[in-house]
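In what follows, a structure is listed as structure tokens, so that the remarks can point back to it.
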Amino acid sequence: MTKRALISIFDKEGIIEFSKVLIEKGYEIISTGGTYKHLTKSGIKAVRVEDITQFPEILGGRVKTLHPAVFAGILADMTNPQHTEELINHNLLNISLVVVNLYPFRETISKEGVTIDEAIEQIDIGGVSLIRAAAKNYKSVNVLVSPSQYNDYLSTENIDTEYSMNLAAKAFDYIADYDIYIRDYFAQKTKGLQPLKINIAGSTHLRYGENPHQQARFFKTDFDEKFQVLHGKEISYNNMLDIDAAMSLMEDFLGDEPTCAIVKHGNPCGVAVRGTLAEAYKRALQTDPASSFGGIIIFNQKLNLEAAQELDKLFSEIVIAPGFDDDALEFLKHKKNRRIVKCRFGREKSELRKVAGGYLYQERDNMIYNDDELKVVTKSQPDAGMLKDSRFAYKIVKAVKSNAVVFVKDNATSGIGGGQPSRVDSTKIAVLKAKNAGIDLKGTVAASDAYFPFADGLLQVAEAGAVCVVQPGGSVRDQEVIDAADENKLVMIFTGYRHFKH
């Protein structure tokens with residue numbers, strides 16, 4: 001039976017040499033418009049697809065190979081007598097090799113100024129269908145999707161079923177990868193979809209994981225679009241976790257007055273909003289200066305020299321900002337190992353986590369309550385300052401590991417506690433940290449990431465000096481907690497939203 005190869009490629013690297021050897025091996029070549037011209041120009045004998053289909057390419061090349069005369073030849077199981085008989089009865093040719101690579105969608109969308117219409121024209125339809133059909137029928141057809149496969153294919157004397165199945169697996173991987181880039185492009189143009197693409201080939205080897213004995217890699221999605229490392233040593237596994245925590249927190253303060261947050265081991269050490277970036281940093285540092293040593297410092301505005309000089313007094317692993325004044329950047333570079341990272345804010349919409357036996361997926365916790373959703377449940381009513389600090393506190397508490405309790409005053413953190421099995425213990429930690437930092441908690445607003453299951457936690461907050469408590473509510477003992485708040489002349493506000501962070 002005649003051996004036939006269908007060749008339809010965008011990337012024409014190595015195809016002339018490959019086709020010459022195919023002909024020497026007794027193959028007939030069928031090809032599409034651009035490929036046909038490229039081959040015949042080099043003296044390679046080929047048959048046009050439209051001569052096989054007896055139908056011209058139409059719709060500006062969108063329809064070339066989508067025809068039974070092509071796909072029957074690819075999908076026919078040559079070990080099945082009925083299939084071979086039908087090919088003969090309908091004067092159809094068998095095809096034993098498909099060589100296809102696809103329109104450069106990924107390369108096209110990476111160019112600046114590319115329109116949606118231009119991108120859409122680079123979505124390959126026929127090519128994907130050819131690859132899928134050939135891979136499905138791997139027992140009768142081989143499929144090649146990359147010039148890198150040509151030499152190995154030609155030098156392999158025994159192309160058995162296992163070899164062909166391996167080619168099919170690579171082909172399915174190729175089109176799956178292609179489709180994810182298309183899906184992610186549309187995800188970026190629409191709401192409610194998160195990019196899925198993990199760049200395996202472009203993964204980065206990290207020095208180690210959480211600990212030196214653990215190997216680690218970083219698989220990028222859109223990291224290079226969000227971050228630009230301007231200076232410093234390699235970013236580590238733990239750095240990446242802290243960067244993620246810092247970005248998630250700071251994205252709740254975009255458009256606000258100058259804001260600074262210091263993050264360590266996934267938790268904020270201090271956060272403040274002030275008139276200048278330098279003032280915001282100094283107040284954020286005041287919350288927990290001991291824990292802030294070696295942390296990550298992030299700002300919501302372009303960093304200036306004044307703030308850079310102030311933060312330089314403390315050792316920090318990374319400084320992150322949406323931009324840097326030239327003099328600030330040059331000043332910060334004098335410490336060769338400190339990472340300086342320029343960021344582009346943009347909320348992550350989902351998160352994926354590997355666990356024993358599978359993966360957990362969820363929407364990212366980007367919720368911030370609307371003021372009209374608040375429910376004041378106590379006799380005492382909040383003033384404007386309390387409401388402002390309640391909102392600030394709730395932005396912070398959702399960034400702290402559960403069970404989280406945060407004390408704030410005047411748009412700055414006063415005490416932060418979290419990561420404990422007991423909310424009471426978290427409160428004790430927040431109070432202790434405030435005491436160690438010399439911060440008085442009288443007149444503060446306290447936020448809890450979940451409801452108080454008993455009144456004891458609330459009483460502890462009141463004893464520390466808080467005058468207002470903001471929490472989700474929803475406990476079967478809410479009334480008991482409300483009564484305790486009234487007895488202690490506290491203001492209590494229910495938001496209706498829990499913010500656990502495990």
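The values are calculated or read from the model by the stated rules, or taken from the named source; none is laboratory data. Every value quoted in this text rests on a predicted model; they were computed, and no experiment measured them. Neighbour counts run over all protein chains shown; Cβ positions are idealised from the backbone, glycine included.
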Residues of the stretch 125-142 being under 19 Å from His83 (Cα atoms) and either modelled with pLDDT under 85 or of a type in the set (S, T, N, Q) (or both), in sequence order, are Asn137, Ser140, Asn142
Counting only helices (runs of 4 or more DSSP H) wholly inside the stretch 240-329, the ones holding at least 3 residues that are among the aliphatic types (A, V, I, L, M), more than 21 Å from Val229 (Cα to Cα) and in contact with a Gly (Cβ under 7 Å, 6 or more places away or on another chain) are none
The condition from (1) in a loop (DSSP other than H, G, I, E, B); (2) surrounded by 15 or more Cβ atoms within 10 Å (Cβ to Cβ) that Asn158 misses is numbered (2)
Based on what the data block shows, is His83 in contact with a Lys or Arg (Cβ under 7 Å, 6 or more places away or on another chain), in a helix (DSSP H, G or I), modelled with pLDDT of 80 or more and surrounded by 14 or more Cβ atoms within 10 Å (Cβ to Cβ)? no
When the stretch 293-336 is checked residue by residue, the ones that are of a type in the set (Phe, Trp, Tyr) and within 13 Å of Ala261 (Cβ to Cβ) are Phe299
Exactly one of Lys64, Lys41 is modelled with pLDDT of 85 or more and not aromatic (Phe, Trp, Tyr), and that one is Lys41
All conditions in (1) within 24 Å of Asp242 (Cα to Cα); (2) in contact with a Leu (Cβ under 9 Å, 6 or more places away or on another chain) are true of Gln471 except (1)
By residue number, the members of the stretch 435-449 that are crowded, with 17+ Cβ neighbours inside 10 Å and free of Cβ contacts under 8 Å to residues at least 40 places away in the same chain are Leu441
Subset of the stretch 360-389, residues aromatic (Phe, Trp, Tyr) and either part of a loop (DSSP other than H, G, I, E, B) or surrounded by 13 or more Cβ atoms within 10 Å (Cβ to Cβ) (or both), comes to Tyr369
Filter the stretch 243-261 for residues that are of a type in the set (D, E, K, R) and either buried (at least 23 other Cβ atoms within 10 Å of the Cβ) or closer than 12 Å to Val271 by Cβ (or both); the one that is modelled with the lowest pLDDT is Asp256
Expected output for the stretch 464-489 (first residue within 18 Å of Glu373 (Cβ to Cβ) and without any contact (Cβ under 8 Å) to a residue 60 or more places away in the chain, partner in a loop (DSSP other than H, G, I, E, B) and polar (S, T, N, Q), Cβ below 9 Å, 6+ apart or cross-chain) is Val469/Thr378; Gln471/Thr495; Pro472/Thr495
Problem set entry | Test for Leu93: is it more than 15 Å from Phe172 (Cα to Cα), among the hydrophobic types (A, V, I, L, M, F, W, C) and crowded, with 17+ Cβ neighbours inside 10 Å | yes
By residue number, the members of the stretch 340-352 that are touching a helix residue (DSSP H, G or I) at 6+ places or on another chain (Cβ under 8 Å), modelled with pLDDT under 95 and more than 10 Å from Lys226 (Cβ to Cβ) are Arg347
Flagged in the stretch 1-54 as over 23 Å from Thr156 (Cβ atoms), assigned to a loop (DSSP other than H, G, I, E, B) and of a type in the set (Val, Ile, Thr), in numbering order, are Thr32
Taking the stretch 108-134 and keeping residues free of Cβ contacts under 8 Å to residues at least 40 places away in the same chain and either out of contact with any Pro (no Cβ under 9 Å at 6 or more places or on another chain) or among the charged types (D, E, K, R) (or both) leaves Thr108, Ser110, Lys111, Glu112, Gly113, Val114, Thr115, Asp117, Glu118, Ile120, Glu121
Cβ pairs under 7 Å, 6+ apart or interchain, first in the stretch 68-85 and touching a residue at least 12 places away in the same chain (Cβ under 8 Å), second part of a helix (DSSP H, G or I) and crowded, with 19+ Cβ neighbours inside 10 Å, ordered by first then second residue, are Ala69/Ile52; Val70/Val49; Val70/Ile52; Phe71/Ala133; Ile74/Leu130; Ile74/Ala133; Ile74/Ala134; Leu75/Ala133
